[in-house]
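Below is one structure, written out as structure tokens; the observations come after it.
The values are calculated or read from the model by the stated rules, or taken from the named source; none is laboratory data. Fair warning: this is a prediction, and the values are worked out from it, not measured in the lab. Don't worry about glycine lacking a Cβ; one is built from the backbone with ideal geometry, like all the others, and counts go over all protein chains shown. Each accessible area value is taken on the protein alone, full model and side chains, heavy atoms only, with ligands, DNA and RNA left out. Shrake-Rupley method; radii C 1.70, N 1.55, O 1.52, S 1.80 Å.
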Protein chains: 2
Amino acid sequence: MSLAHESCSACQHGAEPASAAERQQYLNELPDWKIEQIDGIDQLVRRFAFADFKGALAFTNRVGALAEAAGHHPSLLTEWGAVTVRWWTHKIGGLHKTDFVMAARTDLEHQPRP
Amino acid sequence: MSLAHESCSACQHGAEPASAAERQQYLNELPDWKIEQIDGIDQLVRRFAFADFKGALAFTNRVGALAEAAGHHPSLLTEWGAVTVRWWTHKIGGLHKTDFVMAARTDLEHQPRP
């Protein structure tokens with residue numbers, strides 16, 4: 001089962017940060033994402049390119065919809081031609097498996113569906 | 001005439017950065033905005049608070065619509081409970097009067113209409 005299709009529910013019950021080994025395993029499935037530390041908090045980051053502002057904003061809305069559905073929310077920087085998505089888990093101040101799952105789902109919103 | 005209702009068209013024809021005196025004059029109409037320098041470029045910045053992610057994303061879309069209508073685009077950082085809006089003019093690498101006009105219009109999107 002791919003990361004994109006795993007449940008996010010683990011985050012709701014005694015969340016534990018992802019271990020170093022788990023991070024590496026998940027990142028293997030997310031080649032376009034990297035981990036950046038912002039204000040001491042590890043965040044999973046990817047910048048998506050678009051042809052214009054309209055395309056970027058449409059993507060922001062698609063990612064916003066999946067965030068609302070999951071009850072887990074990223075930061076979304078929308079600019080002309082790009083959206084930068086950052087996932088992390090506020091209550092642990094870092095990265096939970098859920099963040100990697102949401103990153104995988106974010107990738108699906110950027111690709112043409114089969 | 002308030003800043004929000006002025007035309008943006010000046011930006012299209014030989015754009016000149018706003019002078020220090022003009023900036024101060026415009027900022028007097030924009031008490032919730034400040035100028036921040038990011039990567040050497042002055043930007044007009046305001047953070048708007050919301051009750052949740054949905055409210056923040058709805059605001060992002062309203063500001064996106066006015067940006068599309070004006071042909072001048074900000075960066076919009078959408079988070080749970082907040083949107084940070086940054087206006088600047090790429091082709092002059094700083095602040096044009098248009099940015100202050102757009103900031104004033106952004107404020108109108110945040111307030112209940114009369």
With θ taken as phi - 60° and the coefficients 6.51, -1.76 and 1.60, list the Karplus ³J(HN,Hα) couplings across segment B:70-82 in order, rounded to whole Hz; mark glycine and proline as x. 8, x, 9, 10, x, 9, 10, 9, 9, 9, 5, x, 7
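Would you compute, from DSSP H runs of 4+ residues alone, the mean residue ellipticity of the protein assembly as shown at 222 nm, taking -39500 (n - 2.57) per run and dividing by the full residue count, rounded to the nearest 500?
Value at 222 nm, helices only, nearest 500: -11500 deg cm²/dmol.
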With +1 at each Lys and Arg Cβ and -1 at each Asp and Glu Cβ, the charge dipole magnitude of the protein assembly as shown around its Cα centre, to the nearest 20 debye, comes out at 300
Within 10 Å of each Cβ of A:63-72, how many other protein chain Cβ atoms are there on average? 2
Note to self: with every protein chain in place and a 1.4 Å probe, the protein assembly as shown gives an accessible area per residue in Å² of 50
Rounded to whole Å and sorted largest first, what semi-axes of the equivalent ellipsoid does the C-alpha gyration tensor of the protein assembly as shown yield via the square root of 5 times each eigenvalue? 36, 17, 16
Chain B, closest residue to the rotation axis toward A, by beta-carbon, whole angstrom: B:LEU77, 2
Hey, what's the Kirkwood Rh for segment A:33-81 if you take every pair of different alpha carbons, in angstrom? 11.9
Explain nothing, just the number: dipole magnitude of chain A about its Cα centre with +1 on each Lys and Arg Cβ and -1 on each Asp and Glu Cβ, in debye rounded to the nearest 20. 180
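Using only Cα atoms, figure out Rg for chain A and give it as a multiple of 2.2 N^0.38 Å.
In units of the globular-protein estimate, chain A measures up at 1.02.
What percent does the relative contact order of chain B come to when contacts are Cα pairs within less than 8 Å and at least six residues apart?
36
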Could you compute the net charge surrounding A:ASN61? Neighbours are other residues with a C-beta less than 12 Å from the C-beta of A:ASN61; K and R count +1, D and E count -1. +1
What are the distances, in nm and sorted shortest first, from the label point of B:GLU68 to the label points of the same position in each other copy, with each label point placed 7 Å from Cα along the Cα-to-Cβ direction? 1.7
Stick to Cα atoms and the Kirkwood definition of Rh, then tell me Rg/Rh for segment A:54-114. 0.97
Looking at chain A, which longest stretch skips every one of the GluC sites (Glu not before Pro) that is in a DSSP loop with at most 16 other Cβ atoms within 10 Å, leaving the sites themselves out? A:30-114
